[in-house]
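Peer 1: First the structure, which I've put down as structure tokens, then a few questions once you've had a look.
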Amino acid sequence: MKNIIVIGAHPDDETLGSGGTLLHHKSLGDKIYWINATQISEESGHTVDQIKKRDMQIKKVIKSYGFEKFYQLDFITTQLNSSSLIKLIPQISNIFKEIKPEIIYTINRSDVHSDHRILFEAVYCNTKSFRHPYIKKVLMYECLSETEFSPSLPERTFIPNYFVDVSKFLEKKIEIMKIFESEISTHPFPRSEKNIRALASFRGAIAGVKSAEAFHALKIILK
């Protein structure tokens, strides 16, 4: 049994990037945990009803995956910046110390959304072996509508080198994604059901399976 943490900037990142993989871990008896860095608020231009609806969606998603615990950090969506790292790094560190995760699934470092890039920096700062020696794998996931819209530059390209067969879990992943009603729409919207299936099929073809999720492995320590 392993302790697994998935970290996202916004609710739905975790599902788009690693939903099938999380369900796979759960089926193996691993314990899964979710850290979400930002939240909507009236300050960010959202109504009280929108905030309540998002809270209900998160609760449904937690139940659907069977997360052991959900951590909501106190940052406002779209407002993460370099100054946020002063608070963000120790908050993530404290959660790591509590859970002692073996595997970390985190946002891609080069996503077009600034929240994603800042969050990655905070997470990766916390993967030093002398600070958190229990971490054995660190993997970045791709997030539709953010990863593929990064500039087409070598240093900003998502390069998958680690694949998980999610053929048995794709339907459940899509079912969970639909809980976030406002985040999914019809093709050619990037976060459409058709596009989610297409990416899973494409990554699966690379890995030789029906459907897969792809990751960029930053660290793998074998004992």
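The values are calculated or read from the model by the stated rules, or taken from the named source; none is laboratory data. All figures in this text were calculated on a predicted structure; none of them were measured in a lab. Ideal geometry is used to build each Cβ from the backbone, glycine not excepted, and the neighbour counts take in all protein chains shown. Side chains included, ligands, DNA and RNA excluded: accessible areas come from the protein's heavy atoms. Shrake-Rupley method; radii C 1.70, N 1.55, O 1.52, S 1.80 Å.
Peer 1: Return the pair list, or none, for Cβ contacts closer than 9 Å from residues in the range 49-77 that are without any contact (Cβ under 8 Å) to a residue 24 or more places away in the chain to residues that are of a type in the set (A, V, I, L, M, F, W, C) and open to solvent by 40 Å² or more (accessible area, probe 1.4 Å), at least 6 apart or on different chains.
Peer 2: Here the result reads Lys59/Phe70, each pair linking the range 49-77 to a residue that is of a type in the set (A, V, I, L, M, F, W, C) and open to solvent by 40 Å² or more (accessible area, probe 1.4 Å).
Peer 1: Within the range 178-199, restricting attention to residues that are touching a Lys or Arg at 6+ places or on another chain (Cβ under 8 Å) and of a type outside the set (Val, Ile, Thr), which residue is surrounded by the most Cβ atoms within 10 Å (Cβ to Cβ)?
Peer 2: Among them, the one singled out is Glu183.
Peer 1: Would a scan of the range 91-102 turn up a residue that is open to solvent by less than 30 Å² (accessible area, probe 1.4 Å), touching a His at 6+ places or on another chain (Cβ under 7 Å), more than 20 Å from Cys143 (Cα to Cα) and assigned to a helix (DSSP H, G or I)? Give the derivation first.
Peer 2: To start, the set of residues in the range 91-102 that are open to solvent by less than 30 Å² (accessible area, probe 1.4 Å) comprises 92-93, 95-96, 99, 101.
If we keep only those that are touching a His at 6+ places or on another chain (Cβ under 7 Å) as well, we get 96.
Right, trim to more than 20 Å from Cys143 (Cα to Cα) and you get 96.
Imposing the further condition that a residue be assigned to a helix (DSSP H, G or I) reduces the set to 96.
Taking every residue of the range 91-102 in turn, at least one turns out to be open to solvent by less than 30 Å² (accessible area, probe 1.4 Å), touching a His at 6+ places or on another chain (Cβ under 7 Å), more than 20 Å from Cys143 (Cα to Cα) and assigned to a helix (DSSP H, G or I).
Peer 1: So for the range 133-153 (the condition being farther than 19 Å from Pro11 by Cβ, modelled with pLDDT under 95 and open to solvent by less than 50 Å² (accessible area, probe 1.4 Å)), does at least one residue qualify?
Peer 2: yes
Peer 1: Within the range 154-173, can you find the residues that are touching a helix residue (DSSP H, G or I) at 6+ places or on another chain (Cβ under 6 Å) and not in a loop (DSSP other than H, G, I, E, B)? Explain how you work it out, then say what you get.
Peer 2: Initial filter on the range 154-173 (touching a helix residue (DSSP H, G or I) at 6+ places or on another chain (Cβ under 6 Å)): 163-164, 166, 169-170, 172-173.
Matches in the range 154-173: Phe163, Val164, Leu170, Lys172, Lys173.
Peer 1: Still on this structure, please answer the following. With respect to Leu119, is the statement that it is surrounded by 14 or more Cβ atoms within 10 Å (Cβ to Cβ) and not in a helix (DSSP H, G or I) true?
Peer 2: Numbers: surrounded by 14 or more Cβ atoms within 10 Å (Cβ to Cβ): yes; not in a helix (DSSP H, G or I): no.
No, not satisfied.
Peer 1: Follow-up question, since we're still on this one. Of the residues in the range 2-54, how many are open to solvent by 60 Å² or more (accessible area, probe 1.4 Å) and on the phi > 0 side of the Ramachandran plot?
Peer 2: 1
Peer 1: Moving to a separate point now. Name the residues in the range 191-222 that are assigned to a helix (DSSP H, G or I) and under 21 Å from Lys137 (Cα atoms), would you?
Peer 2: Result: Arg203, Ala207.
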